[in-house]
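Starting off with a structure, shown below.
The values are calculated or read from the model by the stated rules, or taken from the named source; none is laboratory data. Everything numeric here is computed off the predicted structure, so don't read it as measured data. Note that we place each Cβ from the backbone using ideal geometry, even for glycine, and neighbour counts take in every protein chain shown. For accessibility, only protein heavy atoms count, side chains too; no ligands or nucleic acids. Shrake-Rupley method; radii C 1.70, N 1.55, O 1.52, S 1.80 Å.
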Amino acid sequence: MDANFEHRGRCLCGAVRVTAGTKGNNMGVCHCTMCRRWGGGPLFAVECEDAVAFDGEEHIAVFSSSEWAERGFCRTCGTHLFYRLKEGGHYAMPVGLFDDDDAWRLTEQIFIDQKPAFYAFSQTTKNLTGEEVFALYSGK
């Protein structure tokens, strides 16, 4: 693993196991419409770059959700496994996959301009709009 911290987790049925490296214990929340539709609420995610390894890959189904990204899930139990950029190897992994629940700190919220008014978090975080996220990842 090419990261400072290694985390292990699994899907609900255990068919897919994951080991992921992160640079720290920070996690973020995505409020975009697509993430909320995918999971029924915001996506609580850990940025893993490409330091991700799966056991049970034959149980992973991948859905191309946009021109630039795809989402993976366990084909047996439906657990969400990742949001991955098609180029560059960047993974965002749902924090709920990992066994170490108390390891994380909420530090960032993205697509804050798409967040519905019916929920809010008490933590002070870095907040980015969708436009700011696209500018950040497009290098502009």
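Work from the charge dipole of the chain (Cβ charges, +1 for Lys and Arg, -1 for Asp and Glu, about the Cα centre) and give the residue of PHE73, GLY89, PHE118 farthest towards its positive end.
PHE118
Pairs of Cα atoms under 8 Å, at least six residues apart: use those to get the relative contact order of the chain, whole percent. Don't jump to the answer; show the numbers that get you there.
Details: 284 pairs, mean separation 34.3, N = 140.
Result for the chain is 24 percent.
Be a star and scan the stretch 67-84 for residues whose amide nitrogen sits under 20 Å from the point 7 Å along the Cα-to-Cβ vector of ARG37.
67-74, 78-84
Tell me what the chain gives for mean residue ellipticity at 222 nm when only DSSP H runs of n ≥ 4 count, each as -39,500 (n - 2.57), the sum divided by the residue total, rounded to 500 deg cm²/dmol. Let's see the in-between values first.
Values: 2 runs with 16 residues, N = 140.
Roughly -3000 deg cm²/dmol at 222 nm, from the helical runs in the chain.
Can you give the extra length, in nm with one decimal, that the chain gains between GLU67 and LEU136 once fully stretched, where that is 0.36 nm per residue apart less the Cα-Cα distance?
Full extension from GLU67 to LEU136 adds 23.1 nm.
For the chain, give the percent of accessible area contributed by carbon and sulfur heavy atoms, probe 1.4 Å, rounded to a whole number. Working shown, then result.
Values: 3980 of 8130 Å².
Using a 1.4 Å probe with all protein chains present, the chain comes out at 49 percent carbon and sulfur.
Next question. Keeping all protein chains in place, calculate the accessible area per residue for the chain (probe 1.4 angstrom), answer in Å². Walk me through the intermediate numbers first.
Numbers: 8130 Å² over 140 residues.
The answer is 58 Å² per residue.
With θ set to phi - 60° and the Karplus curve 6.51 cos²θ - 1.76 cosθ + 1.60, what are the ³J(HN,Hα) couplings of the stretch 5-10 in order, to the nearest whole Hz, using x for Gly and Pro?
Result, ordered by residue: 10, 10, 10, 10, x, 7 Hz.
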